[in-house]
1. Right, A:Gly155: surrounded by 24 or more Cβ atoms within 10 Å (Cβ to Cβ), part of a helix (DSSP H, G or I), out of contact with any Lys or Arg (no Cβ under 7 Å at 6 or more places or on another chain) and within 13 Å of another protein chain (Cβ to nearest Cβ) or not?
2. Between a first residue in segment B:100-115 that is within 16 Å of B:Asp76 (Cβ to Cβ) and a second residue that is among the polar types (S, T, N, Q) and in a loop (DSSP other than H, G, I, E, B), which pairs have beta carbons less than 6 Å apart while being 6 or more apart in sequence or on different chains?
3. Can you find a residue in segment B:341-360 that is modelled with pLDDT of 95 or more, buried (at least 18 other Cβ atoms within 10 Å of the Cβ), β-branched (Val, Ile, Thr) and more than 26 Å from the chain's Cα centre (by Cα)?
4. Based on this model, can you work out whether B:Glu236 counts as surrounded by fewer than 18 Cβ atoms within 10 Å (Cβ to Cβ), in contact with a strand residue (DSSP E or B) (Cβ under 6 Å, 6 or more places away or on another chain), more than 14 Å from chain A (Cβ to nearest Cβ) and in contact (Cβ under 8 Å) with a residue 12 or more places away in the chain?
5. Just give me the residues in segment B:400-412 being surrounded by 15 or more Cβ atoms within 10 Å (Cβ to Cβ) and not hydrophobic (A, V, I, L, M, F, W, C), in sequence order.
6. Could you please find all residues in segment B:297-351 being among the small types (Gly, Ala, Ser) and either in a helix (DSSP H, G or I) or more than 7 Å from every other protein chain (Cβ to nearest Cβ) (or both)?
7. Mind checking which residues of segment B:213-229 are farther than 15 Å from B:Ala344 by Cα and either touching a His at 6+ places or on another chain (Cβ under 7 Å) or surrounded by fewer than 20 Cβ atoms within 10 Å (Cβ to Cβ) (or both)?
2 protein chains.
Amino acid sequence: MKPLNIAILGCGTVGGGVAQILTKEKELLSARAQREISLKYIAELNPQAAIKRFGLEEKYFLAEGQPVTIDKILQDKDIDVVVETMGGKSDFVHNTCLRVLKNGKHLVTANKALLAERGADIFAQAAQNKLQLGYEAAVCGAIPIIKGIKECFTGDIIESVSGIMNGTSNYILTQMQLQNLDFAQALKLAQENGYAEADPSLDINGGDASHKLILLIKLAYGLKVSMQELSVVGIEDINKNDMDFAKEINASIKLICLAKLKDKKVYATVRPMAVKNDNTLSKVNYAVNAVRLDNKYSDTHFLIGKGAGSTETAMSIVSDIVFIARHGEVETYNEKEQYVLGDAKEISFPYLVSFKTKNLPGTTGLITTCIGKQGINIETVGHNRFSGETADFSIETDTCSLKTIEAAIEDIKKERPELLLEEPKILPILY
Amino acid sequence: MKPLNIAILGCGTVGGGVAQILTKEKELLSARAQREISLKYIAELNPQAAIKRFGLEEKYFLAEGQPVTIDKILQDKDIDVVVETMGGKSDFVHNTCLRVLKNGKHLVTANKALLAERGADIFAQAAQNKLQLGYEAAVCGAIPIIKGIKECFTGDIIESVSGIMNGTSNYILTQMQLQNLDFAQALKLAQENGYAEADPSLDINGGDASHKLILLIKLAYGLKVSMQELSVVGIEDINKNDMDFAKEINASIKLICLAKLKDKKVYATVRPMAVKNDNTLSKVNYAVNAVRLDNKYSDTHFLIGKGAGSTETAMSIVSDIVFIARHGEVETYNEKEQYVLGDAKEISFPYLVSFKTKNLPGTTGLITTCIGKQGINIETVGHNRFSGETADFSIETDTCSLKTIEAAIEDIKKERPELLLEEPKILPILY
């Protein structure tokens, strides 16, 4: 069989890692695939820097003595698989991915933003041309959750997929919890240690996690959800008090992605939750990612591993390449489009609601009464943080919907408009 | 495309679960595979009991009005996949599996004993005929570790595979730890709650876990290991003292399967270990299974899920069937046969060694001196359980080999033959 020839577009952190594994482990990978897997080209604007950084031979960057271009690669009939590791969701990258497929080449990419926000025609093009679109690396780095759903749990119905899918925010929350730091201190530490970018917005506002959840919802439920449709809350507003209140109910705060199937509707949200310590997700700390599946037939599964990193992410790309070598043309995996998106405010959780109020008599009575009026049972009230003029306290509710919690808060505001000094913090509790 | 026709041999706990999922979810499974997946026959000695137990239609048990036989199934050109869920490693079952493949049908089985002890010619026959041999269900039930290694982590080198692979023994150890039961009480509880068979030997002596480790070593390292070659210790001798000593060093005792690659050798063992509480495996309780992979490029992964159960195990079989429907003929996955089995006594661990001795002055001095003579550093000595004539105490060592620990114990016996009242318990400590 002719070798499977690979070209890489963009030799940064991930692309360089792919080139390293493909060259160092060529013999092993080829034996596994029972077909030679051969890196042919790397298109990169700054080849000399990449050669130095990743210890690669110059030959990969050249075609007939000239720096190899994307156009040259797309026109090369010998190239079977193109690895897109340029990143970003620009028209250029979007268009390049489409051209890869239109030129009859399999596409492998780690580009979650592109696939989640502008991926529809890329997926469609791959299906139409019966080409593989490998994107294992786009969701939780090294964790094989894409093949997990597409090839492993195919005998089951995923009733819920949840998890910790952004390492930066998990690193920050872990530092806040274990080192008693406030948000700004923990973010600074994450930046100093290379776990957060100079501009960390996409990590801390839930955007990056949303991209991953959107891709998982598409795969597991055949449902296309846009960024605008998804209910997302970031971790920017989590403070030390929230950490303490969570600790008091034996929980840790985590940024949780969750999609849940109920009555033909998919309910989905990305937001900080108070995860009870019996849930394995509560113990997933620092930059580690974890995905939890709750399945109809096989119950609960956890897949835990590195969600980012050069060789970690690159490994997933290389495993996609080996998969293509082993299975070549394969029918698109189409989860039937039988579900619609539900209203995230209707998902039932117990909630941890924390209030900062004026320190006035009758406050607890008023607040708990308003909550009770919505038919919500209260589990515990913790108000151990009086400090002169203000009171911080938290209420743990029984299972109810976000809608009813929000209605109760509206009632409180109406009854005594001056009482609440801040918008209450609402954390679903995850058991 | 013609339907993928399935026959099941043996309609017990697992086979019945497979029949249930294949019939109830036929539409969904067929959509995923983009090919109709159709259960045609079930061969079962007692069809009426199976029909009642699993709510199945009688038609699956009949061919031309007669109970369908294995011979009839093997001769039926329309059958594409045979699911073997009879169990056991008898000549009959072994021969039936070979005949399935010789008749050009894919084979799917949960039969770990057969594949681990007598599987060589079955694997070879599948490879020769370019047929798939699905055995996801044979290793840790619902956890997709077979496809994990074969299809997902193919871009990596597995430096170590370890885990909790027997639910019964883990249930017993968990009860001992959390309820402070002794071994006999915990075993009885496991039997009463359906987690242990009337004859639990294969679960508690490490035999069942060994079958799974042997299959994983074959898959991950291309190395064939026999039951005789594998270093195995069961959990029968674990007592309350051991539990307490482990607790004192922040560890939990788990029956650990471990295979480790070092210098072209695979070191493998199945034995109780004191797993430090920072290791996720220490938190895997009751009948849950977990596999840990330590990979060269993608670092540490955990896959946690149900290791047994009717629909749990059946789900893995059904996922193998969907895989066959999606990928049909596929080149055998052959990890290069480049490794040999190392001496398990040379694996380096820190150890927790517990002694029951006569309560005599100088005992600690003698024992620690003998350990020191072997070049082993001591981390802590805990001797808090004097009770008149005897002393129970434990020593936590730095990293060393089992060989040197055993040599130290021999020295102690030589120096004061009357001192040790029991053979010391040696538990590797897993971080």
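The values are calculated or read from the model by the stated rules, or taken from the named source; none is laboratory data. Computed from a prediction, not measured in an experiment: that's the story for all the values here. Backbone-built Cβ (ideal geometry, glycine too); neighbour counts: all protein chains shown.
1. No, not satisfied.
2. B:Leu101/B:Asn129; B:His106/B:Gln132
3. For segment B:341-360, residues modelled with pLDDT of 95 or more, buried (at least 18 other Cβ atoms within 10 Å of the Cβ), β-branched (Val, Ile, Thr) and more than 26 Å from the chain's Cα centre (by Cα): absent.
4. So B:Glu236 does not fit the description; no.
5. Residues satisfying the conditions are B:Ser401, B:Thr404, B:Asp411.
6. Passing the criteria: B:Gly307, B:Ala308, B:Gly309, B:Ser310, B:Ala314, B:Ser316, B:Ser319, B:Ala325, B:Gly328, B:Gly342, B:Ala344, B:Ser348.
7. B:Lys218, B:Gly222, B:Lys224
Okay, residues lined up against (1) outside any strand (DSSP E or B); (2) under 27 Å from A:Lys265 (Cα atoms); (3) of a type outside the set (Phe, Trp, Tyr); (4) in contact with a Pro (Cβ under 9 Å, 6 or more places away or on another chain):
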residue	(1), (2), (3), (4)
A:Glu117	yes, yes, yes, no
A:Ala126	yes, no, yes, no
A:Glu151	yes, yes, yes, yes
A:Ser169	yes, no, yes, yes
